[in-house]
Amino acid sequence: MTACLRQRGVLGSEANFVTNGLKYADRVRKRGLEDPTSHNFPYSFDKEILESTPKVYETGYKIYQKAGTMNGKEGVFEIGVTRDGIIDHRFFRPG
């Protein structure tokens, strides 16, 4: 069972949640509920995606990508991580 909890102080008052030891911005959970087709894949995939080599921007922002299949469609899973280590982007981009 995945443990989720709130933490204070990282992005402001209760601005992120933790799942499997990874920190997520609240907007990640919201987007998963709003758009379950592209934004709501199992959080258990994240550690594997984060093992890929990221594209690193000058700001320190990182985008991790891993090819895969979701709902029978081939594409790329993307995770964006701020320089503070907060995941603020999770998306499956059909290819």
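The values are calculated or read from the model by the stated rules, or taken from the named source; none is laboratory data. All values reported here derive from a predicted model rather than from experimental measurement. Here Cβ is always computed from backbone atoms with ideal geometry, including for glycine, and neighbour counts include all displayed protein chains.
So which residues in segment 15-31 are touching a residue at least 40 places away in the same chain (Cβ under 8 Å) and assigned to a strand (DSSP E or B)?
Scanning segment 15-31 gives Asn16, Leu22, Lys23, Tyr24, Ala25.
Filter segment 1-55 down to residues that are among the polar types (S, T, N, Q) and within 20 Å of Gln65 (Cα to Cα) and give me whichever is modelled with the lowest pLDDT.
Asn20
Output the number of residues of segment 66-91 satisfying the condition of being surrounded by fewer than 17 Cβ atoms within 10 Å (Cβ to Cβ), at pLDDT 95 or above and farther than 13 Å from Phe41 by Cβ.
Count: 2.
Within segment 32-64, count every residue that is part of a helix (DSSP H, G or I) and either among the small types (Gly, Ala, Ser) or out of contact with any Lys or Arg (no Cβ under 9 Å at 6 or more places or on another chain) (or both).
Count: 5.
Could you please let me know if Phe91 is assigned to a loop (DSSP other than H, G, I, E, B) and in contact with a strand residue (DSSP E or B) (Cβ under 7 Å, 6 or more places away or on another chain)?
no
Could you list, in sequence order, the residues of segment 67-88 that are assigned to a strand (DSSP E or B) and either more than 19 Å from Asn20 (Cα to Cα) or in contact with a Cys (Cβ under 8 Å, 6 or more places away or on another chain) (or both)?
Ala67, Gly68, Thr69, Met70, Lys73, Glu74, Gly75, Val76
With the requirement that a residue be in contact with a strand residue (DSSP E or B) (Cβ under 6 Å, 6 or more places away or on another chain) and of a type in the set (Ser, Thr, Tyr), what does segment 23-73 give you?
Tyr24, Ser38, Tyr43, Ser52, Tyr64
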